[in-house]
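Visitor: Submitted below is the structure of interest, expressed as structure tokens.
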């Protein structure tokens, strides 16, 4: 996954006129637009959807407090292809507005075509903002114009649901060719509101591939705040994208702590929504942070390697080996039906035209593979 970074230059004006969509209360006497939609979760979190009328310009607006945002719409993920989406936000503590940030408008994370995750809604990549209370949005349509139902979605991760099961799955021993299981913070441990997700589970075949991602949130975070980031991504994936659950199978913070992602059993082949076209027989592991110029800490690399070594070891897959997967989407780097050979531990960019998992993390995948092999044999 990628949560977009600040744009270095203004977005190019593509085909058609730029639609500047800045949120504010309607002027006195102006016709009322669609009402905001507020969806609360049991843990005190919420997602607020604020409609963006096409072609209307409004100044920045004060909003409910939020910590993550994105822009959603009704219809297919490619509806904004060739266009761009930029946002600015206001820091709730200082009142200072950020510069413009560009959101990636074509979804590279996502469910396989045949998955029950697939739904009628689409969205940009989310942006982690920290505690904010104001937003402005600028959309440049692509050749297809603006999609219906355009809206900005503001996520407050809340305080987390009270745990009703174990907070941590303890580390397990090595078993023959299988690497030891790392300690894993369960969904209860990071405060998942289980009423949000689909109550059923969806499984794929044996996991033979691990795709490494980054969430592109801030890198200089306190690891105690990682659960808030995960809860916000979870709410966005479910309530904005309409997926059955968070897309990743696992997440790892900068301290090397491993978190359970999609529900269904950490040791089972849960079908994720992380690598468009290649979610079948694979698992997605996301590094929490942005690793484009910032180097990932050694503890994070260790956590990624431990997760991949253990998960691949469950099926006897060599972390230094290769795996053949078949594309299920023309939206990936490979046409639907194409058989592709991947390293058993690959980056998201190996399957989709994306920067993820970042230009600083991607070159370290050989190090992760080597460490995974070591864990498997020692």
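Visitor: Residues that are closer than 19 Å to residue 154 by Cβ, out of contact with any strand residue (DSSP E or B) (no Cβ under 8 Å at 6 or more places or on another chain) and at pLDDT 85 or above: does the range 79-99 have at least one?
Guide: Scanning the range 79-99, I find at least one residue that is closer than 19 Å to residue 154 by Cβ, out of contact with any strand residue (DSSP E or B) (no Cβ under 8 Å at 6 or more places or on another chain) and at pLDDT 85 or above, so the answer is yes.
Visitor: Go through the range 355-377 and report how many residues are part of a loop (DSSP other than H, G, I, E, B) and either in contact with a helix residue (DSSP H, G or I) (Cβ under 7 Å, 6 or more places away or on another chain) or outside the structural domain of residue 320 (by TED's automatic domain parsing) (or both).
Guide: Here the count works out to 3.
Visitor: Quick test for you: out of 256, 272, pick the one residue that is farther than 16 Å from residue 183 by Cβ, assigned by TED's automatic domain parsing to the domain that holds residue 355 and either touching a strand residue (DSSP E or B) at 6+ places or on another chain (Cβ under 6 Å) or part of a loop (DSSP other than H, G, I, E, B) (or both).
Guide: The match here is 272.
Visitor: Determine which member of the set 181, 197 is outside any strand (DSSP E or B), buried (at least 22 other Cβ atoms within 10 Å of the Cβ) and on the phi < 0 side of the Ramachandran plot.
Guide: Result of the check over 181, 197: 181.
Visitor: In addition: Go through the residues of the range 223-239 one by one and say whether even a single one is assigned by TED's automatic domain parsing to the domain that holds residue 322 and part of a loop (DSSP other than H, G, I, E, B).
Guide: no
Visitor: Can you pull out every residue in the range 170-188 that is at pLDDT below 95 and under 23 Å from the mean Cα position of the chain (by Cα)?
Guide: Answer for the range 170-188, where residues must be at pLDDT below 95 and under 23 Å from the mean Cα position of the chain (by Cα): just 188.
Visitor: Related question: Consider residue 136 carefully, then state whether it is farther than 18 Å from residue 197 by Cα, surrounded by 22 or more Cβ atoms within 10 Å (Cβ to Cβ) and modelled with pLDDT of 85 or more.
Guide: So residue 136 passes the test.
Visitor: Taking the condition in contact (Cβ under 8 Å) with a residue 12 or more places away in the chain, surrounded by 19 or more Cβ atoms within 10 Å (Cβ to Cβ) and at positive phi, does residue 289 pass?
Guide: yes
Visitor: Here is a further query. Answer yes or no: is there a residue in the range 292-306 that is at pLDDT 95 or above, under 30 Å from residue 77 (Cα atoms) and surrounded by 22 or more Cβ atoms within 10 Å (Cβ to Cβ).
Guide: yes
Visitor: Still on this model: With the requirement that a residue be part of a loop (DSSP other than H, G, I, E, B) and crowded, with 22+ Cβ neighbours inside 10 Å, what does the range 311-326 give you?
Guide: Once the filter is applied, which keeps residues that are part of a loop (DSSP other than H, G, I, E, B) and crowded, with 22+ Cβ neighbours inside 10 Å, the range 311-326 yields 317, 319.
Visitor: Restricting to the range 328-353, name every residue that is touching a helix residue (DSSP H, G or I) at 6+ places or on another chain (Cβ under 8 Å) and under 21 Å from residue 300 (Cα atoms).
Guide: Answer for the range 328-353, where residues must be touching a helix residue (DSSP H, G or I) at 6+ places or on another chain (Cβ under 8 Å) and under 21 Å from residue 300 (Cα atoms): 343, 344, 345, 346, 347, 349.
Visitor: Just need a number here: residues in the range 203-222 that are surrounded by fewer than 21 Cβ atoms within 10 Å (Cβ to Cβ) and either in a helix (DSSP H, G or I) or out of contact with any strand residue (DSSP E or B) (no Cβ under 7 Å at 6 or more places or on another chain) (or both).
Guide: 6
The values are calculated or read from the model by the stated rules, or taken from the named source; none is laboratory data. If you're wondering where the values come from, they're calculated on a predicted model, not measured in any experiment. All Cβ positions, even for glycine, are placed from backbone atoms using ideal geometry, and neighbour counts span all protein chains on display.
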